[in-house]
1. Do we have residue 553 as in a helix (DSSP H, G or I) and modelled with pLDDT under 90 here?
2. Among (1) in contact with an Asp or Glu (Cβ under 6 Å, 6 or more places away or on another chain); (2) at pLDDT 50 or above; (3) surrounded by fewer than 19 Cβ atoms within 10 Å (Cβ to Cβ); (4) hydrophobic (A, V, I, L, M, F, W, C), which single condition is residue 425 missing?
3. So, in segment 25-43, how many residues would count as being more than 15 Å from ligand 2 (Cβ to nearest atom) and of a type in the set (A, V, I, L, M)?
4. Could you run through segment 130-164 and say how many residues are without any contact (Cβ under 8 Å) to a residue 60 or more places away in the chain and touching an Asp or Glu at 6+ places or on another chain (Cβ under 8 Å)?
5. I'm trying to understand the selection: among the residues of segment 307-342, which are modelled with pLDDT of 85 or more and not in a helix (DSSP H, G or I)?
6. Do we have any residue at all in segment 127-150 that's touching a Phe, Trp or Tyr at 6+ places or on another chain (Cβ under 7 Å) and either of a type in the set (A, V, I, L, M, F, W, C) or within 13 Å of ligand 1 (Cβ to nearest atom) (or both)?
7. Of all residues in segment 88-135, which are assigned to a loop (DSSP other than H, G, I, E, B), under 42 Å from the mean Cα position of the chain (by Cα), at pLDDT 90 or above and more than 16 Å from ligand 2 (Cβ to nearest atom)?
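The values are calculated or read from the model by the stated rules, or taken from the named source; none is laboratory data. Please read these numbers as outputs of a predicted model, since none were measured by experiment. All Cβ positions, glycine included, derive from the backbone under ideal geometry; neighbour counts span all protein chains shown.
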Amino acid sequence: MPVRQLPEDLINRIAAGEVVERPASVVKELVENAIDAGANRIIVTTAGGGRTLIRVEDDGIGMDRADLELSVERHATSKLADDGLDDIRTLGFRGEALASIGAVAHLSVSSRPADATSGLRVEVNRSRKSGIVPQAMNRGTIVEVKDLFAGVPARLKFLKSDRAEAAAVADVIKRLAMANPQVHFVLDGADRSPTNWPGDGELASRVMQVMGADFAENAVPLATTRHGVVVSGLAGLPTYSRANSLSQFYFVNGRSVRDKVLLGAVRAAYADFVFRDRFPAIALFVSVDPAAVDVNVHPAKTELRFRDAGGVRSAVIRAVLDALAAAGFRASSTVAEDVLGAFRAPEMDGAGAAPMYTAAPSTGFAGPPPPLHGGGYVQSTGFAGLAEPSARFEAYEAEGSYPLGTARAQMFENFIVAQNGDSLVLIDQHAAHERLVYEKFKAQLASGPVASQMQLIPVVIEMPEEDCGRLEEAAPTLEKLGLYVERFGPRAVAVRETPALLGQADVDGLVKDLADGLAEWDSTEALGDRLDTIIARMACHGSVRSGRVLRIDEMNALLREMERTPHSGQCIHGRPTYVELKKADLERMFGRTR
Ligand code: ADP
Ligand code: MG
């Protein structure tokens, strides 16, 4: 075939394929235009999931006749004053959204600038532009898109159900609304229940509207500036994690993005607290010099490229870690709700008589009980260094000011029952101690090799040759962590010293577990990057097992230690280390509410 110049409308349809993927992408472009036009209120209406109708009305600056005529042309934009692409402060700039939409739908744009006495309208039907006609309207702009993809069966085929498309539109609105808390958003239509989010300019109010009061209660504020990167927003507590990423919102300079650097940074920051297949909820706002980021990487502008990706990554990780550390021992309030659910009294039966109360089994707890490696193994000296003179506690106890309260009793040789002011606090001593050991490990490692203690007699462990080989190879790294392992014949290793922090560790279990880890991890990968994972595995083995009876002063020592230790609200597997039940919740459980 000979080379030929493509006709204009075909060029537009090809471009539309990049910008306009589905109704939600049309909504995104139109609402971004309204925001760029300085709108205070944006009303979005859809029908048929946006396939039959998308209508976006704003009260922004509007367009005069000349602007209106140009706006639907390809590569027509008011947003690039000169020919530079490296200082972009508006959401749009490519000047192809309206032209692209006009190529694959019936588009009508009506506009009235503030200083005009009436409005004007232009229509585009599959790239054919109408003349400009008068239109009675308020100040601002109304864009209507009808029968999207009607002439593009290839696109129609890929659309999901109306319900799914309507949901995708709502997701786009959520992201834009979060980035613009000063704008009043209304989302309405026959295909959905209406949303009305007045904008008072406060991010906190908008987050409540979009993510729910539940999230706001279980999140901590982010505020860090580093390497010229300003990080703000709200980070969900690890115990409030989700099974998918829909509760993650990322913004760069006010633009909602999906960016690998940010995703990776958040994953890394939560790595210690949240299981790999869970997603922390987060609203993350990053501001950088517009010249330090390239947003022109992808037509939908949801991907970008940071000039200093490393700096951005470390600023985000620092911000999240600082916020979580400040939250310290806090655990999620939804955990208490789960516990309450488990205790709920049975319904009245049909005969009208209440059956005898039987407590539901404790399956309603937020997670499975901590694993009991090594069966009935009882730790004997795990609390070395934790106990403090009990006189000091009595002084504080009188004030009743401890967040985790004062220990009253131990249940099932693992759960500490404590009272603080108006709450009952239940602490999982095994999970809590595991976290404390892990944090101490990290602190020690930060200032040099971890202290070790000699075994009276070297512990000899028999295991397969490959495992022995891997341990031998890893020995120099393990030494830094206070674990001294040497080869002892072809199918055994000898352990001479163990990390002092672990007390009388279950050496056999520890070493076998590490060997499993070494086999699982890519052996070529630098072990140095795995130190945290190795420490986490070690912490499991030195921890106070459930089954250890504690004295009241030992329990209190553990609680005080938790209060002093960052992240102690979750064990290293992301499960809560304690739950709290308000007195009012207890009263509610017993039907005592007034
Ligand atoms: P871009 O946003 O990349 O400039 P668009 O095709 O989305 O390209 O819009 C073209 C132009 O039309 C914009 O630059 C702007 O001047 C004008 N425009 C579009 N929508 C609106 C609106 N809602 N209010 C005011 N002007 C608008
Ligand atoms: Mg635009």
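1. In short, no.
2. So the condition that residue 425 fails would be (3).
3. Counting residues in segment 25-43 that are more than 15 Å from ligand 2 (Cβ to nearest atom) and of a type in the set (A, V, I, L, M) gives 1.
4. Of the residues in that region, 1 qualify.
5. Across segment 307-342, the qualifying residues are 307, 308.
6. Scanning segment 127-150 turns up no residue that is touching a Phe, Trp or Tyr at 6+ places or on another chain (Cβ under 7 Å) and either of a type in the set (A, V, I, L, M, F, W, C) or within 13 Å of ligand 1 (Cβ to nearest atom) (or both).
7. The answer is 113, 114.
This table checks each residue for (1) touching a Gly at 6+ places or on another chain (Cβ under 7 Å); (2) closer than 28 Å to residue 53 by Cα; (3) β-branched (Val, Ile, Thr); (4) crowded, with 16+ Cβ neighbours inside 10 Å.
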residue: 184; (1), (2), (3), (4): yes, yes, no, yes
residue: 190; (1), (2), (3), (4): no, yes, no, no
residue: 195; (1), (2), (3), (4): no, yes, yes, yes
residue: 202; (1), (2), (3), (4): no, no, no, no
residue: 225; (1), (2), (3), (4): no, no, yes, no
